[in-house]
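Scroll down for the structure; my scribbles are underneath it.
The values are calculated or read from the model by the stated rules, or taken from the named source; none is laboratory data. These numbers were taken from a predicted model, which means no experiment stands behind them. Note that we place each Cβ from the backbone using ideal geometry, even for glycine, and neighbour counts take in every protein chain shown.
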Amino acid sequence: MTATTLPEGNPELRALLRQVDKGRHRKDRVMKGLIYAAFVVAMLPLISVSWTVIVNGIERFNAYFLTHSMRGVFGGMDAGGIYHAIIGTLEITLAATLISVPIGLLTAIYLVEYGRGSLARAVTFFVDVMTGIPSIVAGLFAYALFAVLLGPGVRMGIVGAVALSVLMIPVVVRSCEEMLRLVPNELREAALALGVPRWLVVIKVVLRTSIAGIGTGITLAIARIIGETAPLLITVGVIDSINFNLFEGRMMTLPVYVYRQYSQGLVPCTPGDLACIPTINYDRAWAAALTLILIVMLLNLVGRLITRFFAPKNLG
Amino acid sequence: MAQRIDVKDLNIFYGDFRAVADVEMAVEPRSVTAFIGPSGCGKSTFLRTLNRMHEVIPGAHVQGSVAMDGVDLYGSDIDPVAVRRQVGMVFQRPNPFPTMSIAENVLAGIKLNNKRISKGDAQDVVEASLRGANLWNEVKDRLNRPGSGLSGGQQQRLCIARAIAVKPQVLLMDEPCSALDPISTLAIEDLIAELKSDYTIVIVTHNMQQAARVSDRTAFFNLAATGEPGRLVEIDDTATIFSSPRVQATEDYISGRFG
């Protein structure tokens, strides 16, 4: 007997299988609704922020703005740009990355591959504590450190980079640790069984297998610190002209630039002065914010490309 | 190049827990020795002590001696890394390196050790090892494709090729067929029969027919109860073990009457 000869089948079984669980269906619908609602609520601020920044920033976002500093710009002049702030942000972020990635990655390797017992537990604990350090405290720490070494009142890019490293290291450790733990133990054993010493297993198998994830983790860590304002305000200060030197003098950075412009507020123009734009400071702030977002986006894009390039290929 | 292994009074520990107790056995060169026994009796643990992979696990250590041709592998002047180059290992689950091509996987033992090798030599090693693992004809046109794209049975033979590429004296196999279908299993068993002319092979298996088919000698491990250490019950010629074992427990296990 097959189903084709008996279209209705066994009525008892049919009744048993058709029994609809009303309560479950209702719960399913409610949960679905909640999850979609949560998604929308999460997306709303993101879209709203992007929209506001684009609308307000696009007006002054042009080649002139990107390639000029604020030197000699005052009042409501239709001039000035963020070249000096871009230079500062890129240099300080790069320096912070150069400090944080080796320390963070080596710590993660220690925790995953070698760390046992109380020392590893202590390191994990302090990394957790470091994650919770307020950024202003990191700034004060770096300022105080260099004040002890070089005398009070010292302001330069590298101090800011050190402050940002304090914030970045725990993020790098955490994400690299996750990624290293994802590498299957079988691969380590396979390499060890071939007579490969431990350190080469770590470098050539563990790191090589997880490099894509580590790249993503570092990109996210950079995105986390590139928008820091408070520690840079303390350690690097504010300046209107271009300074390429991380080791001497103040530097401008994009977040500080945004803060500075916005806090200057409306320009009191004399009536009839057509060259004076009252809202110029606000406009510059928004355009600089837009630039910062674009830099972070670009960075994420590069991170994605790195991930794709290095990811283990399964079926090629 | 194959060599004998003599194990004396070997006790194997995980921290304070004694997992395997008082093993004494000789593994003959150019032969296949099979380890059988119930799960948790310490077969794999014991196998891993033969190339010092056991101590990779934190807290794991051994007492006693494992001598290869008279040299104690656990001597104070012995480098475990060097031991593993002489005693290769194939694992239960095929584990080719996912970031490497088929050819790179075969050369992994050389490349990962930062040794330089000329292109011609590398090609020779790849071909010889893959031929040795009966895989050459299936993969010779796609040596630069990822190793993880092969089927499970092919991956396992790739792992065998990788193990024999470093020219070990002894080859340890930890349930090499348990994740494979019967056809791939047959391919591996045929391969084991060929490899034993060059290597000393030790294989752990849960499949007693497989032990009967491929091995010359069989060792039966058992444990009295959970929490007790596993022990070597007896080791003898495979034919003897499967026809007239000396110990009742062996017969019970082989005939399916146990527990």
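Some values worked out for this structure:
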item: Residue count, the range B:213-259 (criterion: buried (at least 17 other Cβ atoms within 10 Å of the Cβ), under 29 Å from B:Leu195 (Cα atoms) and aliphatic (A, V, I, L, M)); result: 7
item: Candidate set: the range B:223-242, residues that are polar (S, T, N, Q) and at pLDDT 90 or above; chosen: the one nearest to B:Thr49 (Cα to Cα); result: B:Thr238
item: Within the range B:154-185, tally of residues that are outside any loop (DSSP other than H, G, I, E, B) and under 24 Å from B:Met53 (Cα atoms); result: 16
item: B:Arg84 of a type in the set (D, E, K, R), buried (at least 21 other Cβ atoms within 10 Å of the Cβ) and over 24 Å from B:Asp237 (Cα atoms); result: yes
item: Within the range A:209-222, tally of residues that are within 12 Å of chain B (Cβ to nearest Cβ) and either of a type in the set (Asp, Glu) or buried (at least 21 other Cβ atoms within 10 Å of the Cβ) (or both); result: 2
item: Pairs where the first residue, in the range A:60-78, is at negative phi and the second is of a type in the set (Asp, Glu) and surrounded by 13 or more Cβ atoms within 10 Å (Cβ to Cβ), C-beta under 8 Å, 6+ apart; result: A:Arg60/A:Asp283; A:Ser69/A:Asp240; A:Met70/A:Asp240; A:Arg71/A:Asp240; A:Val73/A:Asp240
item: Residue check for A:Ser50: under 26 Å from the mean Cα position of the chain (by Cα), in contact (Cβ under 8 Å) with a residue 60 or more places away in the chain and part of a helix (DSSP H, G or I); result: yes
item: Test result for B:Thr45, surrounded by 14 or more Cβ atoms within 10 Å (Cβ to Cβ), within 14 Å of chain A (Cβ to nearest Cβ), in contact with a helix residue (DSSP H, G or I) (Cβ under 7 Å, 6 or more places away or on another chain) and of a type in the set (Ser, Thr, Tyr); result: yes
item: Test result for A:Ala275, in contact (Cβ under 8 Å) with a residue 40 or more places away in the chain, outside any helix (DSSP H, G or I) and either over 24 Å from the mean Cα position of the chain (by Cα) or at negative phi (or both); result: yes
item: So A:Arg71, is it surrounded by 10 or more Cβ atoms within 10 Å (Cβ to Cβ) and among the charged types (D, E, K, R); result: yes
item: Members of the range B:235-259 that are under 19 Å from the mean Cα position of the chain (by Cα) and not in a helix (DSSP H, G or I); result: B:Ile235, B:Asp236, B:Asp237
item: Of residues in the range B:81-133 being in contact (Cβ under 8 Å) with a residue 12 or more places away in the chain and of a type in the set (Lys, Arg), the one farthest from the other protein chains (Cβ to nearest Cβ); result: B:Arg93
item: Count of residues meeting criterion [crowded, with 24+ Cβ neighbours inside 10 Å and assigned to a helix (DSSP H, G or I)] in the range A:223-237; result: 4
item: Where B:Gly120 falls short, out of the listed (1) over 21 Å from the mean Cα position of the chain (by Cα); (2) assigned to a loop (DSSP other than H, G, I, E, B); result: (2)
item: Failed criterion for A:Leu106 (all others in (1) exposed (fewer than 14 other Cβ atoms within 10 Å of the Cβ); (2) more than 27 Å from B:Gly59 (Cα to Cα) hold); result: (2)
item: A:Val101 touching a residue at least 60 places away in the same chain (Cβ under 8 Å), within 14 Å of chain B (Cβ to nearest Cβ) and part of a helix (DSSP H, G or I); result: no
item: A:Leu94 vs. criteria exposed (fewer than 11 other Cβ atoms within 10 Å of the Cβ) and over 17 Å from A:Tyr257 (Cα atoms); result: no
item: Selection count where residues are in a strand (DSSP E or B) and closer than 24 Å to B:Ile188 by Cα, scope the range B:212-234; result: 5
item: Looking only at the range B:141-163, and only at residues there that are buried (at least 24 other Cβ atoms within 10 Å of the Cβ) and more than 9 Å from chain A (Cβ to nearest Cβ), the one that is modelled with the lowest pLDDT; result: B:Gly147
item: Residue within the range B:201-211 that is within 19 Å of the chain's Cα centre (by Cα), part of a helix (DSSP H, G or I) and farther than 27 Å from B:Met68 by Cβ present; result: yes
item: Given (1) outside any loop (DSSP other than H, G, I, E, B); (2) under 24 Å from A:Val159 (Cα atoms), index of the condition A:Gly249 fails; result: (1)
item: Test set (1) under 30 Å from B:Arg142 (Cα atoms); (2) of a type outside the set (Phe, Trp, Tyr); (3) more than 13 Å from chain A (Cβ to nearest Cβ) - B:Gln63 fails condition number; result: (1)
item: Candidates A:Arg250, A:Arg198 - the one that is touching a residue at least 40 places away in the same chain (Cβ under 8 Å), within 30 Å of B:Arg52 (Cα to Cα) and surrounded by fewer than 21 Cβ atoms within 10 Å (Cβ to Cβ); result: A:Arg198
item: Residue selected from the range A:186-208 under the condition facing another protein chain (nearest Cβ under 7 Å) and over 19 Å from B:Phe91 (Cα atoms), by the criterion farthest from the chain's Cα centre (by Cα); result: A:Leu200
item: Filter result for the condition that a residue is away from chain A (no Cβ under 11 Å), more than 23 Å from B:Leu73 (Cα to Cα) and crowded, with 22+ Cβ neighbours inside 10 Å, over B:Ile183, B:Ile188; result: B:Ile188
item: Criterion: more than 25 Å from B:Pro98 (Cβ to Cβ), at pLDDT below 95 and either within 22 Å of the chain's Cα centre (by Cα) or of a type in the set (A, V, I, L, M) (or both) - qualifying residue of A:Met168, A:Met179, A:Met130; result: A:Met130
item: Any hit, the range A:278-286, residues being closer than 13 Å to A:Thr89 by Cβ and part of a loop (DSSP other than H, G, I, E, B); result: no
